[in-house]
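Visitor: The structure that follows is given in the form of structure tokens.
The values are calculated or read from the model by the stated rules, or taken from the named source; none is laboratory data. In this text the structure is predicted, and so the values were computed from the model without any measurement. With ideal geometry, Cβ positions are generated from the backbone for all residues, glycine too; neighbour counts draw on all protein chains shown. Each accessible area value is taken on the protein alone, full model and side chains, heavy atoms only, with ligands, DNA and RNA left out. Shrake-Rupley method; radii C 1.70, N 1.55, O 1.52, S 1.80 Å.
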Amino acid sequence: MGQIVRGSVSGMATPPRWFPETDEGHSQWYIERFRTMAAEGADLGGEARLVDAMAAPHSRILDAGCGPGRTASVLHARGHEVVGVDADPELIAAAIEDHPGPTWLVADLAELDLDALGQSEPFDAAVIAGNVLAFVAADTEQQVLARIAAHLKPDAFVLVGFHTDRYDRAAFDQHLTGAGFTLEHRFATWDLRPWRDDADFAVSVLRLPTGGTDE
């Protein structure tokens, strides 16, 4: 069985945009949307398949902004040790109900401290899917990337996907560099369609230097 561990999100100076920019009941709507899609046989594992293709067998993987757990659950089923983190307790509650196996944590990515939540072992890889970086608190995008970098092994990779009308790609490129990553590859979709400058979606492969990060 998976486990849920609750960090503190109530004391944040600025809450993630997920909370003030969505309507009341949005979290439950989001949960039911993906439950319905899964029941109808929709393919919800595209992001996980790409991570799995890049990661060594039995890797330790961080799903940052995991939502109700669709990506982490597929990675767990493929034999990886997965920790899913989200600031929304409703989404984490749905993840533990629907997807036992991974470890589920409630925490703000901008203040991520997994040591304090009993997860001190660094990760081989991370995934940030589903427009997560468009929903963190404004002006904390680089901080979020740096906090994720601080939990990774040297030479670890991160896969990041977002709609470019929700998060400016040029700003993202500045943020990833500021957080200590290098941009290794970029695609227009999770199934690796070639990147175009006018693409409305970006999937980026980031890499930490072998010396890690000082964050």
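Visitor: Calculated from DSSP H runs of 4 or more alone, at -39500 (n - 2.57) each and per residue, what is the 222 nm mean residue ellipticity of the chain, nearest 500?
Guide: Rounded to the nearest 500, the figure is -8500 deg cm²/dmol.
Visitor: Something else now. Of the residues LEU133, LEU50, LEU159, which exhibits the maximal mean-square fluctuation in a Gaussian network model of the chain defined by a 10 Å Cα contact cut-off?
Guide: Maximum fluctuation in the GNM of the chain, among the listed residues, is at LEU50.
Visitor: Could you compute the net charge surrounding PRO68? Neighbours are other residues with a C-beta less than 10 Å from the C-beta of PRO68; K and R count +1, D and E count -1.
Guide: In short, -3.
Visitor: Restricting to the chain, what percent of DSSP beta bridges are antiparallel, rounded to 5?
Guide: Approximately 40 percent, going by the DSSP bridge assignments.
Visitor: Also, I was wondering about something else. If I compute percent of Cα pairs over 30 Å apart from the structure I just sent, which labelled value in [x] 20; [y] 23; [z] 14 lines up?
Guide: Of the listed options [x] 20; [y] 23; [z] 14, [z] comes from this structure.
Visitor: I need the phi-derived Karplus couplings for the stretch 52-60: 6.51 cos²θ - 1.76 cosθ + 1.60, θ = phi - 60°, integer Hz, Gly and Pro marked x.
Guide: Along the stretch 52-60, the couplings run 4, 5, 8, 8, 5, x, 6, 6, 9 Hz.
Visitor: Based on Cβ point charges of +1 for Lys and Arg and -1 for Asp and Glu, what charge dipole magnitude is obtained for the stretch 75-199 about its Cα centre, in debye rounded to the nearest 20?
Guide: Charge dipole of the stretch 75-199: 420 debye, to the nearest 20.
Visitor: Report ³J(HN,Hα) in whole Hz for each residue of the stretch 116-131, in order, from the Karplus equation J = 6.51 cos²θ - 1.76 cosθ + 1.60 where θ = phi - 60°; Gly and Pro get x.
Guide: 5, 9, x, 10, 8, 6, x, 9, 7, 6, 9, 10, 10, 10, x, 6
Visitor: Quick one: what do you get for the stretch 40-124 if you divide its Cα Rg by 2.2 N^0.38 Å?
Guide: Working it through for the stretch 40-124, the quotient is 1.04.
Visitor: Within the accessible area of the stretch 124-215, what % is carbon and sulfur when the probe is 1.4 Å and the other protein chains stay in place?
Guide: Working: 1850 of 4090 Å².
On the stretch 124-215, the fraction of accessible area on carbon and sulfur atoms equals 45 percent.
Visitor: Something else: Please work out the average accessible area per residue across the stretch 47-185, using the 1.4 Å probe convention, and give it in Å².
Guide: Accessible surface, normalised per residue, equals 35 Å².
Visitor: Output ³J(HN,Hα) for the stretch 79-87: one whole-Hz value per residue in order, computed from phi by the Karplus curve 6.51 cos²θ - 1.76 cosθ + 1.60 with θ = phi - 60°, and x for Gly and Pro.
Guide: After applying 6.51 cos²θ - 1.76 cosθ + 1.60, I find x, 8, 8, 10, 10, x, 10, 8, 7 Hz.
Visitor: Right, something else. Considering the chain as a Gaussian network with a 10 Å cut-off on Cα pairs, which listed residue, PRO100, PRO194, PRO154, attains the greatest mean-square fluctuation?
Guide: Result for the chain, Cα springs under 10 Å: PRO194 fluctuates most.
Visitor: Looking at the chain as a GNM with Cα springs under 10 Å, which of SER73, SER59, SER204 has the largest mean-square fluctuation?
Guide: Residue with maximal mean-square fluctuation among SER73, SER59, SER204: SER59.
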